[in-house]
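Scroll down for the structure; my scribbles are underneath it.
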Amino acid sequence: APIALDHDLLQVGIRSTRQLSRMVESLLDIQRLEEGKAVLDPKPTSLHNLLANAAQLVQPLAAEFKQRLTFELADNLPFVSCDADMILRVVTNLMENAVKYTPPGGRVTLRCGTQARGDDTCSFLEVEDNGPGVPLPERERMLERFYRVPGTTGEGTGLGLAIASEIARVHHSHLQVLDAREGQGLRVRLELVG
């Protein structure tokens, strides 16, 4: 006699398998980055275009979570030498987190510009939300492998920000986890020179 499969149980198994596969890929990515085995392909990159591409990728998720994406883009922003695919991965991850952890009807702002840093000028990218924010003691831990802020729900593995942090590091930068500019929320900033 044919074996009857429980459709719901099968879907749970498929989701679990996908999540495990993503976790293994993420761990391999972190290891490559930490060991210097990740191959960078730095090219002059438009941060405007990079943010537009990230927004296009995240827009369906934003619509699902009833979030509004807004932009604050500086004029005449110089091109930055970076691995565009890797930086796109960072920005997309930051946006997805902001969308998922901000209550429905919230706002996620993508921002880029330039700022003086010592004798040089650096370009920056920011993803800011008006969600509940993250307590100060938890902010640095957010960038650790497998760490999830207490009370966080959802299917995440706690690896996305660790990978984003490593990508920033191989670009001679780091992620800054800050208060939102106005009101409550969280702002994550990446500075890029060159």
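Quick look at the values:
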read-out: All positions within the range 54-89 that are aliphatic (A, V, I, L, M), open to solvent by less than 90 Å² (accessible area, probe 1.4 Å) and in a helix (DSSP H, G or I); value: Ala54, Ala55, Val58, Leu61, Ala62, Ala63, Ala84, Met86, Ile87, Leu88
read-out: Enumerated strands (runs of 3 or more DSSP E) restricted to the range 101-194, each holding at least 1 residues that are modelled with pLDDT under 85; value: 107-117, 120-129
read-out: Per-region count, the range 25-64, residues in contact with an Asp or Glu (Cβ under 9 Å, 6 or more places away or on another chain), hydrophobic (A, V, I, L, M, F, W, C) and at pLDDT below 65; value: 2
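The values are calculated or read from the model by the stated rules, or taken from the named source; none is laboratory data. Nothing here was measured: the structure is a model prediction, and the numbers come from that model. Cβ sites come from the backbone with ideal geometry, for glycine too, and all protein chains shown count toward neighbours. Surface accessibility is based on the protein's heavy atoms, side chains included, excluding ligands, DNA and RNA. Shrake-Rupley method; radii C 1.70, N 1.55, O 1.52, S 1.80 Å.
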